[in-house]
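S.K.: Take this structure first; my questions come after.
The values are calculated or read from the model by the stated rules, or taken from the named source; none is laboratory data. Since we're looking at a predicted model, the values are computed, not measured. Because the Cβ atoms are built from the backbone with ideal geometry, glycine has one as well, and the counts that use them run over all protein chains shown.
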């Protein structure tokens, strides 16, 4: 979300940079909501592509930082038999990471990460571009600048980027699920195996296993993250917090720490809301590997029989642990990339 306030460019959930000279910027047709953008890019599609590239690089950097925790979380979520004993312990994440490192080397902590990066770059770029375009389409006046409209734009952007990059996500999950060294584990071989695993002729629909719960999960997750971020951001700009959260000489720009807090809190809240659906998604994605391919109701009943309600929150602590460094890296790299690409001064 972009808003023009005085001589500053205020950027919302996926943005954290400012342009400070109003004589060098112009307002587009939706300035009440999309803000004041550098005249060099405001009416040029190149502006969107540069923003998308910046978001893609930031997403890759953030994913790399938390890759070991993401690998362990997937092993816990999918009930990998070699790691079940760790999932119930308070320090199970640390023990599981140590087990992988000792058994298969440090590289095992990043297994499937190359496939993750191949997915994350277009996902983050598409998500950002879609969100910007949707804002221009739906948030056209102060009357439409509401939490509901922000939720709608964020949810739709998340859905679009998910649909376009889901096959790469499925391959990443399969790679992360495998733990034995003798398994063929290149992303191309995994993709081919998935394509043909339900018939000799193969089907592209095999690459969308588990997309149902994924779409159900991304809508509340993306929407909640946007709304929560904006609410926290507005609170941190209030007179009570301003002396501690705003940069010197600015009445609106948050410090890096304050920006991190906004993103981290939004991510934690959104993840908590959508996590049970995320569990269903992971189990369905690896279902054929463990011989229990089934739909959403059957998978939910299986999880309930195995662990009860707690089964829908296995690995949630790891999710919380990775939020702070991931969001910090994402915001920092995104801001620096925008400066490097000449989008902002």
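S.K.: From (1) over 24 Å from the mean Cα position of the chain (by Cα); (2) crowded, with 17+ Cβ neighbours inside 10 Å; (3) on the phi > 0 side of the Ramachandran plot, pick out the condition that doesn't hold for residue 195.
M.R.: Failed condition: (3).
S.K.: Among the candidates 86, 123, which residue alone is assigned to a helix (DSSP H, G or I) and modelled with pLDDT of 75 or more?
M.R.: None of the others qualify; the one that does is 123.
S.K.: Mind listing just one residue for me: the one in the stretch 300-322 that is assigned to a helix (DSSP H, G or I) and in contact (Cβ under 8 Å) with a residue 60 or more places away in the chain and, of those, farthest from residue 94 (Cα to Cα)?
M.R.: Only one residue tops the list, namely 306.
To keep it simple, each residue is scored yes or no on (1) buried (at least 17 other Cβ atoms within 10 Å of the Cβ); (2) more than 30 Å from residue 167 (Cβ to Cβ); (3) in contact with a strand residue (DSSP E or B) (Cβ under 8 Å, 6 or more places away or on another chain).
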| site | (1), (2), (3) |
| --- | --- |
| 207 | yes, no, no |
| 217 | yes, no, no |
| 224 | yes, no, no |
| 241 | no, yes, no |
| 253 | yes, yes, yes |
| 272 | no, no, no |
| 279 | yes, no, no |
| 283 | yes, no, no |
| 306 | no, no, no |
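S.K.: Taking the stretch 98-118 on its own, how many of its residues are more than 21 Å from residue 338 (Cα to Cα) and within 13 Å of the chain's Cα centre (by Cα)?
M.R.: The number of residues fulfilling the criteria is 1.
S.K.: Name the single residue that is farthest from residue 114 (Cα to Cα) among those in the stretch 177-194 being at pLDDT 80 or above and in contact with a helix residue (DSSP H, G or I) (Cβ under 7 Å, 6 or more places away or on another chain).
M.R.: It comes out as 194.
S.K.: List the residue pairs whose Cβ atoms are under 7 Å apart, where the first residue sits in the stretch 323-336 and is in contact (Cβ under 8 Å) with a residue 24 or more places away in the chain and on the phi > 0 side of the Ramachandran plot, the second is crowded, with 20+ Cβ neighbours inside 10 Å and assigned to a helix (DSSP H, G or I), and the two are 6 or more positions apart or on different chains.
M.R.: Listed pairs, sorted by first residue: none to list.
S.K.: Only one of 62, 58, 54 is crowded, with 20+ Cβ neighbours inside 10 Å, at pLDDT 50 or above and over 15 Å from residue 131 (Cβ atoms); which?
M.R.: Only one candidate passes the filter, namely 62.
S.K.: For residues that are touching a residue at least 40 places away in the same chain (Cβ under 8 Å) and loosely packed, with under 14 Cβ neighbours inside 10 Å, tally how many sit in the stretch 115-148.
M.R.: Within the stretch 115-148, residues that are touching a residue at least 40 places away in the same chain (Cβ under 8 Å) and loosely packed, with under 14 Cβ neighbours inside 10 Å number 3.
S.K.: Just to be sure, is residue 174 surrounded by 21 or more Cβ atoms within 10 Å (Cβ to Cβ), at pLDDT 85 or above and more than 15 Å from the chain's Cα centre (by Cα)?
M.R.: When the stated conditions are applied, residue 174 does not pass them.
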